[in-house]
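Reading through the structure tokens given below for one structure.
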Amino acid sequence: MKRTSLLYLLILISVTAFAQNPVSPEKFFGFVPGSDRMLFTYEKLIDYMKALDEQSDMLSLFEIGKSPMGKPMYVVCISSPSNLKNLDALKEINRKLALDASLDEATTGKLAEEGKVFVLATLSMHSVEVAPSQSLPLVAYDWITSADPDIRKALDNVVFMIVPCHNPDGMNMVVNYFNENKGTKYEGSSLPGVYHKYVGHDNNRDFVFLTQSDTKAISALTSTEWFPQVMVEKHQMGSGGPRYFVPPNADPIAENVDASLFIWTGIFGQQMISDMTKAGLKGVTQHAIFDNYWPSSTETCIWKNVIAMLTEAAGCQVAKPIYIEPTELSGGEKGLAEYKKSINMPEPWPGGWWRLEDIVKYERVSMNTMLLTASGNKRKILLQRNELCKKEVALGKTEPPFYYILPARQPDQGELVHLVKLMQEHGIDVFSLKSNLTLEQTNYLGGDIVIPLAQPFRAFIKEVMEKQKYPERHYTQGGILMEPYDITTWSMPLHMGLTSIEIDTRSPELEQSLIPVGKDFTLALPVQESPFTILPSTDNQSFKMAFTALQKGITVKRNSNSFFLNGKNVPQGSFLLGKEAAEILKDSDFPVISATEIPAANWLVVTFPRIALVESWISDMDAGWTRYIFDTYGIGYTVIRPGDFSKGNFAKKFDLFVFPDQNSALLKDGKYKVQDEYRLNNYRPEYSKGIGPKGIDSLISFLNKGGKIISWGESVNLFDVNLQIRSKSDSSEFHLPFHDISEDPGMKGINCPGSLLRMELAQNNSLTWGMGEMTGIFYHGNPIFKTSVPRLDMDRRVIGWFGEEELLMSGFLEGKKLLQNKPVMVWMKKGKGQIVVMGFSPVFRASMPATYKLLFNSILMPSLTE
């Protein structure tokens, strides 16, 4: 018995020692993370986290979703062993504190005592910003092996949740490309393409519309699953200014977010700058560069009562060290006009070598501060979470608006279903009316959608449902306007083309008539078995099903004239499908129209074009978003790079070229051009090729012979020059009958930093089928067109223009009179071909369903011979 007991004790001691001595990062990777020119891949990072999970009872790893390219995404939880064993109970405490406004003071106090602060950190979503993910093994190892009593105490008060890499696909792209070029002159050069399946840097612009699977996985942590109280997003920035940014942010800040949340970000940020300065880390700034006004970044959870913030470290060239001369350091950003000692940067960095190792040092101190600050304020933070829950619910009952009502009868009912499900994904409760009622002299019908604001996430509801008005802040009274860091509009109903009514009168009758909307919400009616089905052109989902049918070889027709069928109006451009499309119709979220025979109308057979989508190698995010829309809606395409234009006969391969928003000089010459000066890049030569003069000639020949082109944003300037047909029979020079006048001297004074503007639409035109007399477009202030009477074999029609009405629908606009009565979407004919140009992106960040149909109709525009 004694020998058995002794053996058991030795085994127990051995296991315990093993658990407290996990493998070090240096031993596991073969180098210290952060070393010059040394990087590990996503898989290797996760393998190390799995090893620590097996070797330590202070770290737990679990999967939360999939990346867009199918890689598993994880969260690492680091805390005391007892906390990790009790995660389910702690998670339930989080949920109650976040969502239960009925808790009494005693219960809240008890939960604050029993609960733990959950801090969520997301790392390296922008994959060239490698340091946060590369530093994680050191942070994790430090914490689980630390004998520091402050760290041990903090890990008993805090569950620190870390997403090892927000963008696994991009991480591998960047690491593998860096390693491929290591030791060559292209070491540290820019990755060709976007570091994501679709959206590259714009993955930090997706936290309202939640289009990408990685975004969805991380949003769910704060919205519907774990409800952490604190969140930090780890980034890097340019290398020529401060070394590190910590909160508070610069102005403007979001007006719907409770003041206490900004104060708390300041508390964390102030402790960070204090600890980093004490550790000898210089060049830390705050109240500068980055505002906190717009949602769509990972910090969107601040609108859901999370103390959310970001940090930004100065970058190097991926993992390649750089030397920065003191004379090269500059300010110039808001809050830091000069690179000098100031209240916003008390101890500037003097210049010198800047390495990945340095960034990792800043990250490790920053993470320690996040842990210790959360621990030291445990009770306050947990109590605050429920206080905000109660406060927001109370505001929803006492301060208008009280509800948003969306009539069920919308032109695009599929988008209404989309909005309902998207709000539910954000953790918002959505209801419908069980009976008709009248409110504020307006009649509402049973089935209309209602979103009450008396909810814990009231700030988010109001932010994304209302019309945006940019909070104008100036550097001095009457001085220069502080420009927004990103955009100024994100209103879901307006961006989706939906009618939403803001109700400022509280109604007990309405509240008694509310029925919760389930997760399986649909407006589809039971599909009757019939030989034919009509899909109304007013619904984006009609186009998706029509595209899917065409890809399957099913005959699809469109009506060029509207008509009535069984008392229902069938608008122009609606789709007619036969019974062979029955399987496709099962996915419908909106009512379709059954027909026993083909109705009398002018039906046109739809031909799907062979599409070439032009995407440069140089961070072409709008093209990436376009690929996402094409894939989502079943639109087949082939990606063509600018350098491919010299490789073949277009007419034999493609019917349509699509040019998303990209700098025209970069497309043509492979380099950006600012005024008359080209800006060189650091890409390898094979990725810096432009279309070139011969490629442009081939493209124009393609157009003249019957090809089609769709171009929007900056790419339209490819076609706003003197062009020439080069053939034996024709060498005529011409200029298409339009011109971008946005740079003309008379147009100075327009300031439109990403706003929603009203565009009037031509009627009875196939490019606007399914749309009304106007739509909102996402507009950046240019291009803006002027058309002219055409010459030779050309023609033009203005499809969309800014009218005399109030242009601004949401956001900010100066100089509206300069835009009035100016075209912003034009169709043109040259020879046998057609080209459509738009001064806006119809797919902007997959957040503009209101304008998708302009692109879809353009794709399906009939040939001139049809």
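The values are calculated or read from the model by the stated rules, or taken from the named source; none is laboratory data. Just so it is clear, the model here is predicted, and its values are computed rather than measured. No Cβ is skipped: glycine too gets one built from the backbone with ideal geometry, and neighbour counts run over all protein chains shown. Protein only, heavy atoms only, side chains kept; ligands, DNA and RNA dropped before computing areas. Shrake-Rupley method; radii C 1.70, N 1.55, O 1.52, S 1.80 Å.
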Obtain the nm distance between the two label points defined at Glu511 and Lys817 by a simple spin-label model: each point lies 7 Å from its Cα along the Cα-to-C-beta direction.
4.8 nm
Rounded to the nearest 10 Å², what accessible area does Phe290 show when all protein chains are kept and the probe is 1.4 Å?
10 Å²
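Rounded, prolate or oblate: pick one for the stretch 403-549, where a ≥ b ≥ c are the square roots of the eigenvalues of its C-alpha gyration tensor, a/c under 1.5 means rounded, and failing that, prolate if a/b is larger than b/c, else oblate. Don't jump to the answer; show the numbers that get you there.
On the way: a/c = 2.47, a/b = 1.43, b/c = 1.73.
Since a/c reaches 1.5 but b/c is at least a/b, the shape of the stretch 403-549 is classed as oblate.
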Å³ per residue enclosed by the Cα convex hull of the chain
202 Å³
Cβ-based charge dipole, the chain, positive-most Cα from Ser260, Phe160, Leu656:
Leu656
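Carbon and sulfur atoms: what percent of the 1.4 Å accessible area of the chain do they account for?
Accessible surface attributable to carbon and sulfur in the chain totals 50 percent.
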Contour minus end-to-end for Thr555 and Lys748, with contour as 0.36 nm per residue of separation and end-to-end as the Cα-Cα distance?
64.5 nm
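Charges at C-beta only: +1 for Lys and Arg, -1 for Asp and Glu. How large is the resulting dipole of the stretch 519-599 about its Cα centre, in Debye rounded to 20?
On the way: 8 positive and 8 negative charges, 39 e Å.
In total the dipole reaches around 180 debye.
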With the crude spin-label approximation of a point 7 Å out along Cα→Cβ, what separation in nm comes out for Asp57 versus Glu597?
8.0 nm
Dipole of the chain, positive end: most advanced residue of Phe785, Asn443, Asn681 [Cβ charges, Cα centre]
Asn681
Cβ-derived FRET efficiency at R0 41 Å, Ala279 paired with Glu387, nearest 0.05:
0.75
At 20 °C and 1.002 mPa s, the Stokes-Einstein diffusion coefficient in µm²/s for the stretch 247-342, with hydrodynamic radius from the Kirkwood sum on alpha carbon pairs, is 143 µm²/s
Under the 0.36 nm per residue contour assumption, what length would be gained going from the current alpha-carbon distance of Asp47 and Thr632 to full extension?
207.3 nm
Exceeding 21 Å between C-alpha atoms, which entries from my cross-link table qualify? They are Lys469/Lys853; Lys673/Lys786; Lys378/Lys462; Lys647/Lys668; Lys653/Lys832; Lys668/Lys853.
Lys469/Lys853; Lys673/Lys786; Lys378/Lys462; Lys668/Lys853
With a sphere of radius 15 Å drawn around the Cβ of Lys586, what net charge do the other residues whose Cβ falls strictly inside it have (Lys, Arg +1; Asp, Glu -1)?
-3
The stretch 483-630: C-alpha gyration tensor shape, a/c 1.5 cut-off, then a/b vs b/c
oblate
If one compares the long axis through the Cα atoms of helix 621-632 with the longest principal axis of the Cα atoms of the chain, the angle in degrees, nearest 10, works out at 80 degrees
Which of Leu807, Gln724, Ser742 sits closest to the plus end of the dipole of the stretch 713-818, meaning its Cα is farthest towards the positive end, when Lys and Arg get +1 and Asp and Glu get -1 on the C-beta?
Gln724
Using only protein heavy atoms and a 1.4 Å probe, report how much of Tyr678 is accessible, in Å² to the nearest 10.
90 Å²
Highest to lowest packing among 615-625, 687-697, scored as the average C-beta count within 10 Å
615-625, 687-697
Quick one: helix 2-20 against the long Cα principal axis of the chain, what's the angle to the nearest 10°, folded into 0 to 90?
50 degrees
Please state, to two decimals, what the Cα-based radius of gyration of the stretch 358-470 comes to when divided by 2.2 N^0.38 Å (N = residues).
1.51
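With charges set only on the Cβ (+1 for Lys and Arg, -1 for Asp and Glu), what does the dipole of the stretch 343-477 come to about its Cα centre, in debye to the nearest 20? Please list the in-between numbers first.
Numbers: 18 positive and 16 negative charges, 108 e Å.
Here the size comes out at about 520 debye.
Just for the chain, what percent of DSSP beta bridges are antiparallel, to the closest 5?
Values: 83 of 123 bridges.
In the chain, DSSP labels about 65 percent of beta bridges as antiparallel.
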Convex hull volume of the stretch 477-566 per residue (C-alpha atoms, cubic angstrom)
318 Å³
How would you rank 471-478, 826-833, highest first, on the average number of other Cβ atoms within 10 Å across their residues?
826-833, 471-478
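Suppose every K and R has +1 on its Cβ and every D and E has -1 on its Cβ; what is the size of the dipole of the stretch 699-823 about the Cα centre, in Debye to the nearest 20? Show your work: numbers first, answer last.
Details: 13 positive and 15 negative charges, 68 e Å.
Its charge dipole is roughly 320 debye.
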Modelled FRET efficiency - R0 30 Å, Ile480 with Glu328, Cβ distances, 0.05 increments:
0.75
Surface per residue (accessible, 1.4 Å probe) for the chain, Å²:
40 Å²
Full-stretch length increase - Lys673, Glu440 - with 0.36 nm per residue and alpha-carbon distance subtracted:
78.4 nm
Gyration tensor (Cα) of the stretch 643-773, equivalent ellipsoid semi-axes in angstrom:
27, 23, 16
If R0 = 30 Å, then Val527 and Glu805, at their Cβ-Cβ distance, give a FRET efficiency to the nearest 0.05 of 0.15
Return the distance in nm (one decimal) between the two label points of a simple spin-label model at Glu583 and Arg409, each offset 7 Å from Cα along Cα→Cβ.
3.7 nm
